[in-house]
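Rule-based calculations on the coordinates, nothing more; no lab input. These figures come from a predicted structure and were not determined experimentally. Note: ideal-geometry Cβ built from the backbone for every residue, glycine included; neighbour counts use all protein chains shown.
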Amino acid sequence: MFDFLKGNKKVEKKPVYVINGFLDSGKTSFITYTIGQPYFQVQGTTLVLLCEEGEVEYRESLLRQTDTVVEVIEDLEDFTPSRMMELEKKHRPERVLIEWNGMWDFRQFRLPSAWRLEQQITTIDASTFNIYFTNMRSLAAEQLRNSELIMFNRCDDVDEKDLISYKRNVKAINQKADLVFEDSEGEIDMTTEEDLPFDIHQDPIPLEGLDYGIWYIDAMEHPDRYVGKNVTYTGMVMRPGDFPKGYFVPGRMAMTCCANDMSFLGYACRYNKASDLPERQWVQVTATIKKEEFAPYGGPGVILEAKEVKPAQQPKEPVINFAG
């Protein structure tokens, strides 16, 4: 296991850590491991709000040792700021961990004004992920959307190609999250060039349809794999207001969950005639991939150096469908 939860900071509002996921995805095991680690010890009480009781239970000896109290909230209608403030007055905790019920809609998650969400983590049982994601996609997407860390466990008997597919689905919903895959031996690496649906040694690398979306996610995680290579694809012109002169974004809309859940995927492209491009025009871009500091990114990231930009027809399927 890893030291995932952030250390506590002196903040005015009570720090809250949310661990969500479907039933038996490993939430309780993760919290049990974490509260027992020296790096997570604090003076004072830790309050765990248990919204779903699975097969694993909290050991009384560990709770006493770590000054942790568990309060059960069985129904979503009872998960209210007023109820939480009652528990605040009762226990006076230094921090709060919430084991969220995976069948509750995370859009109804509310905290009292005296608390603040410090970190959100999602645990996933890889052996059942496909069932939940196929049948409860919207519910799963809400759990994943704002998580800082997403952990796939129990990967031992899951085909690697399936794990790669799961990774792409999750990254399409939450591009910024750190993803971890674990089997019984520990963390496993899910990144190989052979798993990509295109040949990265082509010059330029053609990226159309779903290939573009897969490249976008892979380049975000492994920019060095592509630095110096050329790509060509059809994209829609976007010119964000915070971009400096001479830059635009040629990208594609992607369906990450359902028709009402769309994201625009694209990297900044340096092009001296960027200001001449009409917003939402389709263009064929051929560009060289670089990795540079870029202020709108807030740090280094993928930058495209345009070699050619020309008008293009809208693709037959303009939206990339990660939803399957």
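Here is the list for region 97-202: GluC sites (Glu not before Pro) lying in DSSP coil, each with at most 11 other C-beta atoms within 10 angstrom of its C-beta, are Glu185.
Counting other Cβ atoms within 10 Å, keep those with at most 13, restrict to DSSP loop, and tell me which trypsin sites (Lys or Arg not before Pro) in region 54-152 are left. Don't jump to the answer; show the numbers that get you there.
Working: sites: Arg59, Arg64, Arg83, Lys89, Lys90, Arg95, Arg107, Arg110, Arg116, Arg137, Arg145; in loops: Arg59, Arg110, Arg145.
Hits after loop and neighbour filter: Arg59, Arg110.
Judged by the mean number of other Cβ atoms found within 10 Å, the most tightly packed of the peptides 44-56, 66-78, 19-31 leads the ranking 19-31, 44-56, 66-78.
Measuring nothing but how far apart in sequence close Cα pairs (under 8 Å, 6+ apart) lie, relative to its length, region 111-221 scores a relative contact order of 23 percent.
Loop only per DSSP, at most 15 neighbouring Cβ atoms within 10 Å: give me the chymotrypsin sites (Phe, Trp or Tyr not before Pro) in region 232-324, ordered by residue number.
Counting only loop positions with at most 15 other Cβ atoms within 10 Å, none of the chymotrypsin sites (Phe, Trp or Tyr not before Pro) in region 232-324 qualifies.
Normalised by the number of residues in the chain, the average gap of Cα pairs under 8 Å and 6 or more apart makes the relative contact order 13 percent.
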